[in-house]
Amino acid sequence: MKYEWKKPDFSKVKINFQNYMANLQNGGKPLIWTVVITFVVMVIVCLAVFFASVKGAEKVMVPNVVGKELETALLEMQAKELYPKIQLKYSDVPGDEGTILDQSPNGGAIVKAYRRITLVVSRGAVLDKVENYIGQNIDDVRIKIQTQFTGQKQLIVLAEPVYKADKAAAGTILEQNPQEGSPIVDPVTVQFVVSRGDSYEQTKVPNIVGKNIDAVYSVMSSSKIIFDFTSHVAASGEKEGTVISEQRFTAELVPNYQRVTADFAFPAKADKDIVYGMFTKKLADYPYAIAVRLDATDAEGQTNTLVSFYHTGLNLTIPYAVPAGTVLTLYVVDKESGRITVE
């Protein structure tokens, strides 16, 4: 059978757009409302899920972990669903490394779970073993130890040193007890044996007879002599405010820091502008000469140094001639040791 192809008739395929639009208008409104309602329901569901997920965390009581080991504290915080924030701090108690020193908020506080709790953890003492101080200068060691324990409990206390003659420079630490590396469990007292030096140099005694106070200050600052001053009311023929007499020695040279007596003649009548007097102080017996100075502060608060020199301790006397109301302050190795107000 022979097949014959026929040309298709497209005229029968027609789309009536007017009928399609009419049908859409009649049935489209329910569809639109369905879409709108579905969208609203989705929004409500999403909001519900969101607020459910961000609901406030459960409140818990912060455990008190002060004094406990860090590992124990972390386990207790984890059990309460709290997150620790660690801060390290030096302690003044040797051997307490890893111990909780403080916490914030404090134990017993009610907070939300998952909150961060600050824990201050001990790094141990600044110094837990005795250092080796042999060969160092005693004054440097004193300053070093004072600096190490600034704001902390003093774990090293220096006993009064024992001095002996040695070839090492004066002030050098020769021995110490306890020895280097000894553990510091409680505050420990360290005893030093310190060198006095192996020789005493000699010097010439300067003549200060007839000199006034300012000139005497100059001699005191430049010489290695310790003057023990006395004073009396100037007699007839004596020049007021000057040295009248001084101790003499048969030898031309004397040991450094030899004590020499000298006597001043002070005015018989007090001057309303200038007051003469003697600043006296009892010092410790130092094994070698240390720095000493006398400062004067006037009524307006201005301070100047009257004299600075070296002294080996015990009796200290410094003459002065200053206005009434002046405050005189004595410093020994830059540390205030005495103060008077001149009247």
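When Thr230 is tested against (1) more than 13 Å from Tyr276 (Cα to Cα); (2) in contact (Cβ under 8 Å) with a residue 60 or more places away in the chain, just one condition goes unmet, and that condition is (1). Take the conditions (1) hydrophobic (A, V, I, L, M, F, W, C); (2) assigned to a strand (DSSP E or B); (3) over 30 Å from Phe227 (Cβ atoms); Val185 misses just one of them, which is (2). Only one of the numbered conditions (1) in a helix (DSSP H, G or I); (2) touching a residue at least 40 places away in the same chain (Cβ under 8 Å) is not met by Asp214, and that is (2). The lone criterion from (1) in contact with a Gly (Cβ under 9 Å, 6 or more places away or on another chain); (2) assigned to a loop (DSSP other than H, G, I, E, B); (3) at pLDDT 90 or above left unmet by Ala169 is number (3).
Which residues, taken from the range 318-328, are in contact with a Lys or Arg (Cβ under 8 Å, 6 or more places away or on another chain) and either more than 15 Å from Arg293 (Cα to Cα) or surrounded by 17 or more Cβ atoms within 10 Å (Cβ to Cβ) (or both)? Correct list: Ala324, Leu328.
Somewhere in the range 238-253, is a residue in contact with a Gly (Cβ under 9 Å, 6 or more places away or on another chain), exposed (fewer than 13 other Cβ atoms within 10 Å of the Cβ) and not hydrophobic (A, V, I, L, M, F, W, C)? The answer is yes; a qualifying residue exists. The residues of the range 236-247 that are more than 18 Å from Met278 (Cα to Cα) and touching a strand residue (DSSP E or B) at 6+ places or on another chain (Cβ under 9 Å), listed by number, are Glu238, Gln247. Can you say whether Asn207 is at pLDDT 90 or above, within 19 Å of Ile134 (Cα to Cα), polar (S, T, N, Q) and not assigned by TED's automatic domain parsing to the domain that holds Tyr90, as far as the supplied structure shows? It is false that Asn207 is at pLDDT 90 or above, within 19 Å of Ile134 (Cα to Cα), polar (S, T, N, Q) and not assigned by TED's automatic domain parsing to the domain that holds Tyr90. Only one of the numbered conditions (1) buried (at least 18 other Cβ atoms within 10 Å of the Cβ); (2) farther than 20 Å from Ala215 by Cα; (3) at pLDDT 90 or above is not met by Phe279, and that is (2).
Regarding Val219, is this residue farther than 20 Å from Val322 by Cα and modelled with pLDDT of 95 or more?
For Val219, the condition - farther than 20 Å from Val322 by Cα and modelled with pLDDT of 95 or more - is not met.
Residue count for the range 73-130, restricted to those that are assigned to a strand (DSSP E or B), loosely packed, with under 15 Cβ neighbours inside 10 Å, modelled with pLDDT of 85 or more and of a type outside the set (D, E, K, R): 6. Note on the range 265-289: among residues that are aliphatic (A, V, I, L, M) and in contact (Cβ under 8 Å) with a residue 60 or more places away in the chain, the one that is farthest from Glu343 (Cα to Cα) is Ala289.
The values are calculated or read from the model by the stated rules, or taken from the named source; none is laboratory data. Keep in mind it's a predicted model, so treat the numbers as computed, not measured. Reconstructed Cβ throughout: ideal geometry from the backbone, glycine too, with neighbour counts over all protein chains shown.
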